[in-house]
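Asker: So that we are looking at the same thing, I have put the structure below in structure tokens.
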2 protein chains.
Amino acid sequence: MSHVRELLSKHGKPPREVYFDHENSGWVPPEVVEAMLPFFNIRGYGHPAITNLPGWEAYEVVETTRELVMKVISARQGDDVVFTHSGTEANNLAIMGTALANKKRGTKIVISSIEHPSVIYPAQELEELGFRVVMVPVDGEGFIDPEILNAMVDKETILVSTQMVNHEIGTIQELRELVKAAKDANPEVIFHTDAIDALGRIPIDVSKLGVDLLSLSSHKIHGPKGVGALYVREGVKLKPIIHGALSTQKLWPGVENVPALAGFRKAIELAFENFEANVAHMRQLRDKLLNGILERVDDVLVNGPIGDRRAPDNVNVSFLYIEGESLTVELSLRGVYVSSGSACTSRILEPSHVLLAIGRKHEEAHGSIMFRISRYHKEEDIDYALSQIPEAVERLRALSPIAPKRKAQ
Amino acid sequence: MSHVRELLSKHGKPPREVYFDHENSGWVPPEVVEAMLPFFNIRGYGHPAITNLPGWEAYEVVETTRELVMKVISARQGDDVVFTHSGTEANNLAIMGTALANKKRGTKIVISSIEHPSVIYPAQELEELGFRVVMVPVDGEGFIDPEILNAMVDKETILVSTQMVNHEIGTIQELRELVKAAKDANPEVIFHTDAIDALGRIPIDVSKLGVDLLSLSSHKIHGPKGVGALYVREGVKLKPIIHGALSTQKLWPGVENVPALAGFRKAIELAFENFEANVAHMRQLRDKLLNGILERVDDVLVNGPIGDRRAPDNVNVSFLYIEGESLTVELSLRGVYVSSGSACTSRILEPSHVLLAIGRKHEEAHGSIMFRISRYHKEEDIDYALSQIPEAVERLRALSPIAPKRKAQ
């Protein structure tokens, strides 16, 4: 990989830079950074559980952020929101914390086959402790059939976890139906949803959805890295999975990352200030990018649903005959920053389990590219991307031994 | 507590503010914040495992920070440093990760009675999985006797964990002797040290010490919150305790907090730029504060050792006949920000287990106050604190039913 590193670090400044990789790492706008700054050294730099002034100011940040999260997901008084340091940690707490606290009621866990690794891996880890994990299949667009879920949930099932919006292909599940299907089969079941890719994209109302646990992450909505959150319905029992000195909350120990929480608070405010307009803007640019690619490039597969059942910010396509990883590098040289479904785990080229689950072949999954639209993108960003993508794909296909030879025009 | 909150939030601006609570939450100097800023939105805002330019720039931050940590603790090539999101998480990974990966070799864990809760609680949690935790006692100054440790380590022991510097009373253990004592009893034992309160205060050399695992935390050296680190000697086996998508490291999943790592990197540079001078400065102010208190206030107990065997930044004293929690509030009103050994866990007034372990009575522990000196403190800060402490103590003692009546002069 070191030659790629050299290539990237030495490449000249492209005419424009467009960052689309919000799936993997968020870009933090200046107004969010601004909101964090006082809490490093002017006020609230203390420990939220200590009764000195900088501590109480810190406590205010933690509590107002918690209240804002509660408000935007329509949580009720008595419910709680636990802050962790990442969405991965929130998902781990949901899965392992629920299982460990409810083992006496049963040992079966039902998740979908396209969950994020931070749901799948902790669930599988629990198998070493005597739990059993069952995976619900999805259709070719990533949807779970409520009837199949209903049939898989039984009296032994303590936990069901299915995403609200898929992180790779943008499938918006009919979550309310899925919760109903699971609770019809077993009213005692605890329902967790990973809503990390739903926040700021579609409305979230925990009461209407009927979920018991719901995960969020700051960096997916232009907040800083370093904050995850887990909504916990009143009465739902969880066991902590990390242990230490408690600050303001019982389920995650250690001092809260107060500046990051202040940034998350600001990012939520911005995402919900003009929610409908932001979503409409993202949806328009999404379709412009997707349709633009399909018009300009042959042999492209769209991964996931299209239209209203797809997240407004998600474009995921497979460019046949080439490697997504190579295209990621090629597009980076042109200032278009994306990621590939062939590279989600630590530079090991494994095809995305999500794409395989919806029926993509290995070679189709390897050629996949994820673009995530942000409310900060402009029409010109999409135009620029569309001006670069066909050339980049053509260049790599010309080098590919498996690409069919094109007829000269 | 709400009246305290109101009192604190409404109190006027004191003539000077001196923050001493670096034990619980660090204050981040402007040059460290400055070092973080580009990585929010100018460069390196990508995911360190993704092969686009912002991703590779992020990777550089992670790797150069790791290299710098390795350098300042004299790690060897082949050793590793794992970044977590807090010191608490680093300690949890060390204790639970080692136990889970080495269960076949034995089930006994030996820790000291004055370890941080993020070592004690995960160790105790492991008892549910069949492990056995044994606690080494300490003397009246917090020191562990190597002979006692040697006698407690046996063939069943897989892990020993003792701090380098105690977080409350500043005891600097003879760590090299302790490692030798433990490995003499069982050469296979894995030795972890929580060095979170040692970094920047005393030299750390993992090779000379002979430790296998060593925890650090950014916010204890004026770095931002959101970064912990665990040094792992080559060949030491750990199991991850949080599971998900891997980025650049195998033992802690999820995207690394790159801006916070850039801040940690800068904080390390600053702490080690003039290490000897910084330490001498802290030690001088420490003694000025401690001696100043003893000269001005009667009935004060010093908690922990004095002189070179105490951390250069640590002052911990018990003011008899009053509650440390009340004194924390009273001093806050005067702009002197401290914490108390009676309030380390989530506003629940429990006496510090460290103070009880060195033989303090409950009422002595309740009256304890921690001050942590920073290299940013000035003589005038100490003078100001010394001008406020006697009055504050006197005021509370006048209200205390158990304080002896003073003779009129």
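Asker: Mind computing the radius of gyration and Dmax over the alpha-carbon atoms of the range A:271-323? Å is fine for both.
Answerer: Cα only, the range A:271-323: 12.9, 43 Å (Rg, Dmax).
Asker: Okay, next question. As I understand it, the value is the acute angle between the Cα axis of helix A:379-399 and the longest principal axis of the Cα atoms of chain A; what does it come to in degrees, rounded to 10?
Answerer: The angle comes out near 60 degrees.
Asker: Something else now. With just the Cα atoms defining each centre, how far is the range B:358-402 from the range B:42-85? Give it in Å.
Answerer: So the two Cα centres are separated by 41 Å.
Asker: Which entries in A:208/A:239; B:104/B:237; B:103/B:180 show an alpha-carbon gap greater than 18 Å?
Answerer: A:208/A:239; B:103/B:180
Asker: Quick one: plug the Kirkwood hydrodynamic radius of the protein assembly as shown (C-alpha pairs) into Stokes-Einstein at 25 °C, 0.890 mPa s, and report D in µm²/s.
Answerer: So the translational diffusion coefficient is about 88 µm²/s.
Asker: Calculate I(q)/I(0) for the range B:198-278 by the Debye formula, one identical point scatterer on each C-alpha and no solvent, and give its log10 at q = 0.26 Å⁻¹ to two decimals.
Answerer: -1.29
Asker: How tilted is helix A:258-273 with respect to the longest principal axis of chain A? Cα atoms for both, answer in degrees (0 to 90, nearest 10).
Answerer: Between the helix axis and the principal axis of chain A, the angle is about 70 degrees.
Asker: Tell me, what is the FRET efficiency for residue B:387 and residue B:63 to the nearest 0.05, using R0 = 56 angstrom and their Cβ-Cβ distance as r?
Answerer: Once rounded, the FRET efficiency stands at 0.70.
Asker: Cα extents of the range A:320-405 along the three principal axes, largest first, in whole Å?
Answerer: 34, 32, 23
Asker: For the range B:229-324, report the convex hull volume of the alpha-carbon atoms normalised per residue, in Å³, without decimals.
Answerer: 202 Å³
Asker: Roughly how big is chain A's charge dipole about its Cα centre, with Cβ charges of +1 (Lys, Arg) and -1 (Asp, Glu), in debye to the nearest 20?
Answerer: It works out to roughly 340 debye.
Asker: Hey, what angle do you get for helix B:275-296 against the long axis of chain B, alpha-carbon based, 0 to 90 degrees rounded to 10?
Answerer: Rounded to the nearest ten degrees, it is 30.
Asker: What is the Å³ per residue value for the convex hull set by the Cα atoms of the range A:53-117?
Answerer: Expressed per residue, the convex hull around the Cα atoms of the range A:53-117 is 141 Å³.
Asker: Here's another thing I want to ask about it. Residues of chain B: accessible area per residue at 1.4 Å, in Å²?
Answerer: 36 Å²
Asker: While we're on this one: For the pair residue B:134/residue B:363, report the inter-label distance in nm, with labels modelled 7 Å from Cα in the Cβ direction.
Answerer: If labels sit at residue B:134 and residue B:363, their model points lie 3.7 nm apart.
Asker: Once you wrap a convex hull around the alpha carbon atoms of chain A, what is its projected area averaged over all directions, in nm²?
Answerer: Across all orientations, chain A yields a mean hull projection of 21.4 nm².
Asker: Rg/Rh for the range A:138-205 to two decimals, with Rh computed the Kirkwood way over all alpha-carbon pairs.
Answerer: Rg/Rh for the range A:138-205 comes to 0.97.
Asker: Kindly provide the Kirkwood hydrodynamic radius of the range A:1-156 in Å, to one decimal, from all pairs of distinct alpha carbon atoms.
Answerer: For the range A:1-156, inverting the mean 1/r across all distinct Cα pairs yields 20.3 Å.
Asker: If you place +1 on the Cβ of every Lys and Arg, -1 on the Cβ of every Asp and Glu, and leave all else neutral, what size is the dipole of the protein assembly as shown about its Cα centre, to the nearest 20 Debye?
Answerer: Computed charge dipole of the protein assembly as shown: roughly 120 debye.
Asker: Can you find, among B:272, B:317, B:305, the residue sitting farthest towards the positive end of the charge dipole of the range B:264-324, where Lys and Arg contribute +1 and Asp and Glu -1 at Cβ?
Answerer: The listed residue farthest towards the positive side: B:272.
Asker: Where Lys and Arg each count +1 and Asp and Glu each count -1, what net charge lies around residue A:363 among other residues with Cβ under 14 Å from its Cβ?
Answerer: Result for the local shell: -2.
Asker: Ignoring ligands, DNA and RNA, please state the percent of accessible area on the range B:37-272 from carbon and sulfur, probe 1.4 Å.
Answerer: Ligands and nucleic acids excluded, carbon and sulfur give 50 percent.
Asker: Who wins for biggest fluctuation among A:106, A:200, A:244 in a Gaussian network model of chain A, springs between alpha carbons below 10 Å?
Answerer: Maximum fluctuation in the GNM of chain A, among the listed residues, is at A:244.
Asker: Could I ask something else about it? Using Cα springs under 10 Å in a Gaussian network model of chain A, which residue among A:196, A:42, A:169 shows the largest mean-square fluctuation?
Answerer: Maximum among the listed residues: A:42.
Asker: Which value, in nm² and rounded to one decimal, describes the direction-averaged projected area of the C-alpha convex hull of the range A:37-272?
Answerer: That works out to 12.1 nm².
Asker: Turning to a different aspect of this structure: Classify the range B:276-384 as rounded, prolate or oblate from the Cα gyration tensor: take a ≥ b ≥ c as the square roots of its eigenvalues, call it rounded if a/c is under 1.5, otherwise prolate when a/b beats b/c and oblate if not.
Answerer: Since a/c reaches 1.5 and a/b is larger than b/c, the shape of the range B:276-384 is classed as prolate.
Asker: Starting from the coordinates of the alpha-carbon atoms of the range B:152-258, obtain the Kirkwood hydrodynamic radius over all distinct pairs and give the value in Å to one decimal.
Answerer: Here the Kirkwood hydrodynamic radius works out to 15.2 Å.
Asker: Right, next: With +1 on each Lys and Arg Cβ and -1 on each Asp and Glu Cβ, and nothing else charged, work out how big the dipole of the range A:37-272 is about its Cα centre, in Debye to the nearest 20.
Answerer: Value, rounded to 20: 640 debye.
The values are calculated or read from the model by the stated rules, or taken from the named source; none is laboratory data. Here the structure is a predicted model, which means the values were calculated and not measured. Using ideal geometry, Cβ is built from the backbone for each residue, glycine included, and neighbour counts are taken over all protein chains shown. When the accessible area is computed, the model is the full protein with side chains, heavy atoms only, and any ligands, DNA or RNA have been set aside. Shrake-Rupley method; radii C 1.70, N 1.55, O 1.52, S 1.80 Å.
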